[in-house]
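Only one structure is covered here, and it is reproduced in the block below.
The values are calculated or read from the model by the stated rules, or taken from the named source; none is laboratory data. All figures in this text were calculated on a predicted structure; none of them were measured in a lab. As a convention, Cβ positions derive from the backbone with ideal geometry for all residues, glycine included, and neighbour counts pool all protein chains shown. These area figures cover heavy atoms from the full protein model, side chains too; ligands, DNA and RNA do not enter into them. Shrake-Rupley method; radii C 1.70, N 1.55, O 1.52, S 1.80 Å.
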Amino acid sequence: MLYGLKIATRYLTASKAQTALLVLGVAVGVFIFVFMSALIGGLAEFILSRTVGDISHITIEADDPDPPLLIHRDGHVLAAIERGRTRTATLSDAATYLPLIETVPGVVAVSPQIGGAGFLARGAQVAQVSVTGLEPGRESAILNLRGYIVEGSERLGSGIVVLGETLADDLSLKLGQTLRLQSSIGASAVLTVGGIYSTGNGMIDASSVYVSLPTARTLFALPQGVTRIEIKLSDLNAADATALRIAALTGLDAVPWTDGAEQLMEALNAQAQTGYFLKTFALITIVIGVASALLLSTYRRRPEIGIMRAMGAGRGFVIFVFVTQGALVGLLGGLSGAALGYLALLPFPSRDAFEPGTLPMDITQGSYGLAITLTVIGAILASILPARSAARVDPVTAIGQ
Amino acid sequence: MTALLQVSDLTKTFGSGEAETRVLRGLSLTLAAGEMAALLGPSGSGKSTLLTILGTLMKPTSGRYTMLGQDLVAADDRALTEFRNRHIGFVFQFHNLLPDFTALENVVFPTAVREGRETAQARARGRDLLVRMGLEARVNFPSSNLSGGQKQRVAVARALMNRPELVLADEPTGNLDRDSAMQVMDLIAEINRDEGTTFLISTHDEKIAGLCCRQIVVGEGVVTG
Ligand SMILES: Nc1ncnc2c1ncn2[C@@H]1O[C@H](COP(=O)(O)OP(=O)(O)OP(=O)(O)O)[C@@H](O)[C@H]1O
Ligand SMILES: [Mg+2]
């Protein structure tokens, strides 16, 4: 069908201005498609990184068993053990699970932690804090502590505490000064301020402190085990599936970040729907444009089609010529539209450098291949109707003898 | 002489009811191989209709048509397309050439469309034919830039491309001046003489008809002379 391709190409190059306009129209549609993909994708990325970039993607916490009750035969509660002020449930054999979880595809970091409540005391000043024990050397596995450090270092060692800027200000604490941390179970330790961070999150900056895992063990009297395991994934969107996988593998209660984030997911979904809607519209415009242009062309070329048929060109040949024209227009428009889209996206900051106030376009999410493929398919579909009408041309009336 | 084609009791009716036009009314005709015949008759007598039926571009309402031993009334579109390509050449009065292609590309079309590509062999034959038509200097000319007479000579060359047994020409010189018309007719006569190709040429021009060995006159839907 090389010859059909030649005829199709000639038809397109014969009326250059018209073809250029048609290709331009298709390119604009593809441009919109690419631009929308990059915007919707970038926006989702931006929103997710702002909301869940710094949190655990999958969290495993020990089941906190309900306190036992003593119940009379007739249903009266005779005695109840009050729930303790501290969380006592632990993942006692966490150590055996950690290597297993690390092998799950998509897991980029696993952070065993001991969390609890405590009081920070410096002189007469006291502040209630939430204490988290982290593995030394892996301090930034979940929350990017290193990135938020404003003074000192995030490195945790024995006798070191890292705390937020607001808290430090409240207690007039400086780097290198000492303080006393008392846990909710009454144990206490004297610690030195090794680093001060500022995350921009008020809660964390004002009431979270980080110590090393061994220090936390002492504070919370947990010689072994941890209270929670936080897991970070390479793909946020894989959290649900990966959580199921980890649960199946370990039998632990792995909770993805999406649990309790329904509103966020709904918003992102609605945004994606809007994107699909606009992209579908762009494709429909392309299909209508190509179909009408080719339909006009088949009408204009009726006498020629008649001549070709009289010379022994079959209906299949005529269909091939017109469908090929559609495919070529789709390919040219798709390529140039995708290239235009890429060029237009270049000036936008990269996804790691989104600045508030600008559109968070993500050039890597332009769906270029998809845009080109769908455009070519759309253009081919659009050319079927004109091609069929061309093949049905009656040579006798077309030649008009 | 052997018969190349034979039609008998051919009828063609257009429309129905009030608008019914019975153009051919039981026409019978035999063309011998190697004949050069003129088709005459008043305007509206059905010359073009007969030529398009003989060219398998249109089916008769009734009647029989065989050529080279094949029944062309019963054949389907695919078979007729193939048959036309191999055995019948056309020269029309208007709308003859593909305007976006050169003279040579037009001439090789019937071969290229069958073979799926333009072979060097086909191009060589196309060039020979154009040289023979006195168009050596116009081989790679865009066909839309050719004069009327040149266009008709390119059309004749194209009609001969696949060495068909029959060439049907519907007023091929209808819109040419006398000199160009005579040039085209001389070339047709030469091909007929040298290669034995059968020609059937419709015309209103007695002088052109006089160049043919046989005159077929159509009137009232039948052959009258
Ligand atoms: N598709 C059609 N539908 C209806 N009537 C038709 C059609 N084609 C031809 N006719 C009629 O058939 C008759 C014969 O037409 P045809 O073109 O065969 O005549 P012709 O002999 O070639 O005339 P001319 O010398 O003017 O070319 C005319 O009356 C014409 O109106
Ligand atoms: Mg006529």
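The table below lists the values:
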| read-out | value |
| --- | --- |
| Projected label distance in nm at A:L381 and B:S144, using a 7 Å step from Cα toward the beta-carbon | 3.4 |
| Solvent-accessible surface ranking, highest first, for B:Y65, A:Y276, A:Y342, A:Y148 at 1.4 angstrom | A:Y276, A:Y342, A:Y148, B:Y65 |
| Probe 1.4 Å, all protein chains present, accessible-area order of B:D128, B:D205, largest first | B:D128, B:D205 |
| Accessible area per residue in Å² at 1.4 Å probe, computed on chain A | 49 |
| Total formal charge among the other residues, if their Cβ is under 9 angstrom from that of A:I114, Lys/Arg +1 and Asp/Glu -1 | +2 |
| Computed lengthening from A:L244 to A:F119, 0.36 nm per intervening residue step minus Cα-Cα distance | 41.3 nm |
| For residues of A:310-322, the mean tally of beta carbons on other chains within 10 Å | 6 |
| Computed over chain B, Kirkwood Rh from alpha-carbon pairs, angstrom | 17.9 |
| Rounded to 5, percent antiparallel among DSSP beta bridges of the stretch A:80-258 | 75 |
| A:S172-A:D235 pseudo-label distance in nm [points 7 Å out on the Cα-to-Cβ vector] | 5.4 |
| Spatially close lysines, pair count over the protein assembly as shown: Cα under 26 Å, gap of eight or more or interchain | 9 |
| Ordering of A:297-306, A:207-216 by packing [mean C-beta count within 10 Å, highest first] | A:207-216, A:297-306 |
| Residue-normalised accessible area of the stretch B:3-223, given per residue in Å² at a 1.4 Å probe | 42 |
| Longest to shortest principal axis, alpha-carbon extents of the stretch A:80-258, angstrom | 50, 44, 26 |
| Accessible-area composition of chain A, carbon plus sulfur, in percent [1.4 Å probe] | 61 |
| For the stretch A:1-35 versus the stretch A:240-306, the gap between their alpha-carbon centres in whole angstrom | 25 |
| Pairwise burial B:A, computed as accessible area of each alone minus the pair, summed, 1.4 Å, Å² | 2500 |
| DSSP beta bridge pairing in chain B, given as percent antiparallel to the nearest 5 | 55 |
| Rounded to 5, percent antiparallel among DSSP beta bridges of the protein assembly as shown | 70 |
| Helix-only mean residue ellipticity at 222 nm for the protein assembly as shown, each DSSP H run of n ≥ 4 adding -39500 (n - 2.57), per residue, nearest 500 | -14500 deg cm²/dmol |
| Fraction of the pair-distance distribution of the protein assembly as shown above 31 Å, Cα-Cα pairs, percent | 67 |
